[in-house]
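Notes follow the structure.
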């Protein structure tokens, strides 16, 4: 069983790294689109109406997709009021409790996002603007990203539970 858990943790970590790198390159896409908007609006005097909304969607995808990598690298915000004074095993015990709370939150968010995606698909939901884009793609990215964060949270749970018992999962 321990081998299966180690394999899962390594696999979840690699998947988090991969999605994090994809998310990283979305910033360049967003900057390119905003630069295109600035050039066409100010130099050519022909504004492209889709650029700003596309940049907003790209930024939202960047945030969603970077969640699993942020969890994996432990780069999230933590309030260290008592945490730093604990032993390694004590910190691992606190981390087990907090990651379980995180997993509950992510499950609730995932259920809500699946419901929202279904609604968007059934009604062909679109933003009310000149460009009139569908919101289905960004909601699908949100569902997948929440699933990835939940998978990474489970990997963290295994890692923290092992550390609480004095073991290490690499």
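Quick notes
- The chain, helix-only ellipticity at 222 nm - DSSP H runs n ≥ 4, -39,500 (n - 2.57), divided by all residues, nearest 500: -26500 deg cm²/dmol
- Cα-based Kirkwood hydrodynamic radius, the chain, one decimal, Å: 18.3
- On Cα atoms only, tilt of 2-42 relative to the major axis of the chain in degrees: 20
- With a Förster radius of 25 Å applied to the beta-carbon distance between residue 82 and residue 107, the computed FRET efficiency rounds to 0.40.
- With the simple model of a label 7 Å out from the Cα in the direction of the Cβ, residue 35 to residue 89 spans 5.5 nm.
- Between residue 131 and residue 7, residue separation times 0.36 nm minus the direct Cα-Cα distance comes to 40.1 nm.
- Cα centroid of segment 49-71 to Cα centroid of segment 110-170, whole Å: 13
- Contact order, relative form, for the chain: 32 percent (alpha carbon pairs under 8 Å, 6 or more residues apart, mean separation divided by residue count).
- For the chain, the longest principal axis of the alpha carbon atoms and the long axis of helix 88-123 meet at an angle near 30°.
- Cut-off 18 Å (backbone N to label point 7 Å along Cα→Cβ of residue 59), residues of segment 12-51: 23-39, 48-51
- Placing a label point 7 Å from the Cα of residue 169 along the Cα-to-Cβ line, the residues of segment 58-81 whose backbone N sits under 15 Å from it are 72-73.
- Folded to 0 to 90 degrees: helix 136-164 orientation relative to the chain principal axis, Cα: 20
None of the figures in this text is laboratory data; all of them are computed from the coordinates on show. Since we're looking at a predicted model, the values are computed, not measured. Neighbour counts run over all protein chains shown; Cβ positions are idealised from the backbone, glycine included.
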